[in-house]
Amino acid sequence: MNAQPQTPSGLQLRLLKGGLQWMLDFKKPIVTIDGGTQALKWGYHLIPLPPGPHTIDIHCPSLFVRSFEAKLQFTVYPGYVTGVDYDTSDALFIFQAGSIRDLGCKPWGT
């Protein structure tokens, strides 16, 4: 039996901060996808995920609160990557929410 290799699927995550939010350079955003938590650097990340619905929760650690928190539900399709942008530049205070949006999907590798 000749099996075709399965095309990967996943999430293309872009973590952005405002230029005047220089103190965030010292903190890594905390990203939780379906219960799995990791600290990621600011910028682009390609995260392999199985096809299906997923939930992402992002925040910046702070002394008293989860700063710039944002949540989103998104779907990953087989052979596609779903784009998600997280941005803190519109928030003026640490207790305000960050913005998060689903950018849609595109074929893996494009």
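Derivation of every value follows stated rules applied to the coordinates shown; laboratory data play no part. What you see is a predicted model, and the numbers here were worked out from it, not measured in a lab. Cβ sites come from the backbone with ideal geometry, for glycine too, and all protein chains shown count toward neighbours.
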* Using a basic spin-label model with each label point 7 Å from the Cα along Cα→Cβ, how many nm lie between L92 and D25? -> 2.5 nm
* For the pair T110 and L16, what calculated FRET efficiency results from E = 1/(1 + (r/R0)^6), where r is the Cβ-Cβ distance and R0 = 22 Å, to the nearest 0.05? -> 0.55
* To do: Multiply the residue separation of V65 and S99 by 0.36 nm, subtract the distance between their alpha-carbon atoms, and state the gained length in nm to one decimal.
  => 10.6 nm
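Which of H45, H54 has the fewest other C-beta atoms within 10 Å, and how do the rest follow up to the most? List each step's numbers first, then the result.
Working: H45 16, H54 19.
So the ranking, lowest neighbour count to highest, is H45, H54.
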